[in-house]
Amino acid sequence: MAASPDHFVDFQNVWLAYNDELLAQNHFAVEDINLQVLQGEFIAIVGPSGCGKSTFMKLTTGLKKPSRGEIYVDGQPVNGPLKISGMAFQSSSLLPWRTTLDNVLLPLEIVEPYRANFKAKKAEYVDRAMALLQSVGLAGYERKFPWELSGGMQQRASICRALIHEPKMLLLDEPFGALDAFTREELWCTLRDLHAQQRFNVILVTHDLRESVFLADTVYVMSKSPGRFVVKRDIHLPRPRDLEVTYTPAFTDIVHELRGHIGAMRRDGINIGQ
């Protein structure tokens, strides 16, 4: 089946077994994934540990090829690692011998077509990086090394690095999980503002239900392994969202609803939706 012109990400009956032996045994890490994401949409994926959330991210970026089914991103079949995506993880993974600015510039030094033009366009790229750093509150920290930054500052720099090549899609795997609650909420607002300004697609994997409801347009719940999407919850809270919304009954009702779905899976040992 061809890609839908209305969808930026389009999973069509996708299954993944990690090797041929497991495939022969019909032992899948994720199964029967059908997911369509609109242009500019922010989705979050939640679920029990080991349910396949990170596997889904690898499939989306082309780091894993499905055993069955088709994946399209931006209208094109995913047959290998995507150049139109940026990624950030729980660990900022900043190189300790490079300054904040040089860490942010790193993708432009190693990814084509930017690599070929890096020397000629370095001043332009530096200006782009400085503007990104300013937008996330890191103006003045460009020449600092990672060990001179707080954990929250390191994650801000990591997000800038993921966005420096102006990707159409940002994939975030537990990006704020190691941070304290106050820093985490500050970075929710940073990400909210970046998404509002640039309207790139976002796929966020998180264990934090409050985070998913605050940030996302749509939250998906994955079942226990083999991972399947068993709940789709549209978040109709108006934008822009301030942190005050997290204390409202409408917000907490959604969080409790999602927690109930995940709790039912853990309690009953079954995949809801089956």
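Tabulated results
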{"item": "Share, in percent, of DSSP beta bridges within region 144-274 that are antiparallel, nearest 5", "result": "50"}
{"item": "Compactness index (Cα Rg / 2.2 N^0.38 Å), the chain", "result": "1.03"}
{"item": "Mean separation of Cα contacts under 8 Å, 6 or more apart, over the residue count of region 159-257: relative contact order %", "result": "22"}
{"item": "Approximate spin-label separation residue 70-residue 38, in nm, with each point projected 7 Å along Cα-to-Cβ", "result": "2.4"}
{"item": "In order through region 15-30: 3J(HN,Hα) via Karplus (6.51 cos²θ - 1.76 cosθ + 1.60), integer Hz, x for Gly, Pro", "result": "10, 9, 10, 6, 7, 5, 5, 5, 5, 4, 8, 6, 9, 10, 7, 9"}
{"item": "Binned Cα-Cα distance frequencies in region 34-81 - 10 Å width, integer %", "result": "23, 55, 22, 0"}
{"item": "Nonlocal amide H pairs with residue 67, under 5 Å, H built at 1.01 Å", "result": "15, 16, 17"}
{"item": "GNM result for the chain, Cα springs below 10 Å: residue of 232, 224, 65 fluctuating most strongly", "result": "232"}
{"item": "Pairwise label distance in nanometres, residue 244 with residue 97, each label 7 Å out on the Cα-Cβ vector", "result": "5.0"}
{"item": "Alpha-carbon centroid distance for the pair region 64-96 / region 239-264, whole angstrom", "result": "29"}
{"item": "Whole-number D in µm²/s for region 176-252 (Stokes-Einstein; Kirkwood sum over Cα pairs; 4 °C, 1.567 mPa s)", "result": "96"}
{"item": "Signed unit charges on C-beta, dipole axis of region 3-146, positive-most listed residue 114, 130, 24", "result": "130"}
{"item": "Estimated vicinal HN-Hα couplings, Hz - region 92-101 in sequence order (Karplus 6.51, -1.76, 1.60; Gly, Pro = x)", "result": "5, 6, 6, 6, x, 8, 10, 5, 4, 4"}
{"item": "Scattering profile of region 61-189 at q = 0.10, 0.17 Å⁻¹ [log10 I(q)/I(0), Debye over alpha-carbon scatterers]", "result": "-0.35, -0.92"}
{"item": "Point-charge dipole on Cβ atoms (K/R +1, D/E -1) for the chain, about Cα centre, debye to 20", "result": "440"}
{"item": "Value of relative contact order over the chain, rounded to a whole percent, pairs C-alpha under 8 Å and six or more apart", "result": "24"}
{"item": "Overall Cα dimensions of region 3-42, principal axis frame, Å, largest first", "result": "38, 19, 12"}
{"item": "Nitroxide proxy distance, nm - points 7 Å out along Cα→Cβ at residue 189 and residue 24", "result": "5.7"}
{"item": "Under-5 Å amide H pairs with residue 9, H placed in peptide plane, nonlocal only", "result": "37, 74"}
{"item": "Highest to lowest packing among 100-109, 239-248, 156-165, scored as the average C-beta count within 10 Å", "result": "156-165, 100-109, 239-248"}
{"item": "Percent of beta bridges antiparallel (DSSP, the chain, rounded to nearest 5)", "result": "50"}
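Computed from the coordinates by the stated procedures, all read-outs in this text should not be read as laboratory data. A quick note: this is a predicted structure, and the numbers were derived from the prediction, not measured. Every residue, glycine among them, receives a Cβ derived from its backbone with ideal geometry; neighbour counts consider all protein chains shown.
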